[in-house]
Each structure stands twice: as structure tokens, then as C-alpha cells.
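The values are calculated or read from the model by the stated rules, or taken from the named source; none is laboratory data. Computed from a prediction, not measured in an experiment: that's the story for all the values here. Note that each Cβ is placed from the backbone with ideal geometry, even for glycine, and that neighbours are counted across all protein chains shown.
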Amino acid sequence: MDLFEAMGGAPTSRRFKPDQVPRETLLRVLDRARFAPSGGNRQGWRVVVVQDAERRAALRDLYLPRWEAYMQETGGARVLAEPDSFDPSRVRMARRADEYAKGLGDVPLHLVVGVRIEDVLATDAQLPRQSIVGGASVYPFVQNVLLGLRAEGLGAALTTLLVPAEEQVRQLLEIPQEIALAAHIGVGYRADPWPARLARRRVAEFAFAERYGQSLTAPGESASR
Ligand SMILES: Cc1cc2nc3c(=O)[nH]c(=O)nc-3n(C[C@H](O)[C@H](O)[C@H](O)COP(=O)(O)O)c2cc1C
């Protein structure tokens, strides 16, 4: 699969066939993803691959209460309870994500991604706002994994709701204290067809020329991008 095709066609997959992911396939993906950039080339990412049914169920048990709390806090629970009052695409996504959370134990392969805290340098830590930069040494790797999985015909769902359960996840997977949890990726062969296009903003809405807000695209061009 062409790189640009993968970049434009790797949606979140939340329903999977029961088929196992071959170890060889996963190793190929990780062997490409490892070329991701990181601050100082410290390569602090660490991945625990979980396929054991009991461990997958334990991860679901940690994920589910956080998912339910998130749905309460963000109004998602109302979307599920009163579907007729909401946009059908929102209802569909809420249902799929809810189904994913409840069935997490059946997702064939789980990647628990962490990063060695001492390999992360948050250059914005002193700023009077939420720090963003720390993640920049692990999420390029995560995105490489997602693209690699797509190139192998695998679907994946990136979530971060397990991170607040970091301590329990550490205990479950024997992850040392020096590793911070960054993401969970559920992986498998997608049960649904791949969508023709993903719902994303056009380039003109987020990229600017020289000054913030100034159009980058030529008149007429923005409609297609
Ligand atoms: C940081 C992050 C956290 C996310 N958390 C969740 C989650 O908790 N549950 C879920 O079902 N999807 C989660 N997603 C997936 C997003 O919902 C998805 O990327 C977005 O809706 C676009 O969907 P699409 O790629 O299928 O078009 C997360 C994605 C990111 C990048």
C-alpha cells in the first residue's frame, strides 16, 4: 500500500474479525515503526503486546469504568439514551465506541505503549498552560504503528483512557515505574469494509501562509482539499 493511501485511509477500527494477528506481521510493523523520530533520538517507547485472553479481559475491566465515566462527563451517555435527538453520525460513533469498550476483551491483539519518563523532555513544562511537548517523543512512533498496521491490512483503535489506570496496568503487565503509559491500541482484522473517505477538515481550515489566518491555498483550490 502506498504511503499516501495509508495516511488518508487509516480510520479507527472498532469491530474486528476473531482472526489472530500473526506474530510475523506485527514484528514487521514494529520493525518499521521504530524509525520514528524522538527528542535526542532517545527512542524511549516501550510496547507490551497482549494476546492472552485473561489479560485482555483484565485490560477491558480497567478501561470500561473510565469509558463509562467519560461518556457521562461528555454527554455521550445521553447520545446513547436518546439517539433520535442527535445527529446520526454522532450516534453511530457513540454506539461503535461503546461496543468497542464493552468488547475490548475480544479484540485479538492489544498494544500497550509506554515511554521511559527520563527519555522525555517537555520543553514547554514551564509555560503557564498544559504541557504538550512530552508526548512528541512517543506519539510519532504510535502513528507509525497505526500506518504500518494499515499497510498490513489491519485495523486499529488508538485510545488513551487506560492511562489514568497506569498503576493497575503496570501491575498487570509488570511494567516498571520508570515507564509512563502513553496509549492503548486495539488491533485486529477489520470486520467492516474500509470507508471511502474520512471526515476531516480541509487544509485551508488549519494551514496558513506566513501569518495565522492567511490563506495558503489558491482561490478555488480549497474546495477540493
Ligand atoms: C488521543 C486519542 C484518544 C482517543 N480515545 C478514544 C476512545 O477513548 N475511544 C474510542 O472509541 N476512540 C478514541 N479515539 C479515536 C477517535 O475517536 C478517532 O480518531 C476519531 O473519531 C476519528 O475517527 P476516524 O479515524 O474513524 O474517522 C481516540 C483518538 C485519539 C487520537
>> Can you report the number of residues in segment 30-57 which are in a helix (DSSP H, G or I) and either closer than 20 Å to Leu162 by Cβ or in contact with a Ser or Thr (Cβ under 6 Å, 6 or more places away or on another chain) (or both)?
In response: 8
> How many residues, within segment 146-184, are within 12 Å of the ligand (Cβ to nearest atom) and farther than 17 Å from Leu64 by Cα?
Replying inline: 5
>> Can you pull out every residue in segment 131-140 that is in contact with a strand residue (DSSP E or B) (Cβ under 9 Å, 6 or more places away or on another chain) and either within 19 Å of Met7 (Cβ to Cβ) or within 15 Å of the ligand (Cβ to nearest atom) (or both)?
In response: Gly134, Gly135, Val138, Tyr139
> Taking segment 164-177, which residues are under 22 Å from Leu26 (Cβ atoms) and surrounded by 17 or more Cβ atoms within 10 Å (Cβ to Cβ)?
Replying inline: Val169, Leu172, Leu173, Ile175
> Is it the case that some residue within segment 114-128 is within 16 Å of the ligand (Cβ to nearest atom) and either surrounded by 14 or more Cβ atoms within 10 Å (Cβ to Cβ) or within 17 Å of the chain's Cα centre (by Cα) (or both)?
Replying inline: yes
>> So, Thr123, is that one farther than 29 Å from Gly8 by Cα and polar (S, T, N, Q) or not?
In response: yes
>> Between Arg60, Arg46, Arg23, Arg90, which is basic (Lys, Arg), loosely packed, with under 12 Cβ neighbours inside 10 Å and assigned by TED's automatic domain parsing to the domain that holds Glu152?
In response: Arg23
> Which condition number in (1) within 14 Å of the ligand (Cβ to nearest atom); (2) surrounded by 20 or more Cβ atoms within 10 Å (Cβ to Cβ) is the one that Gln143 fails?
Replying inline: (2)
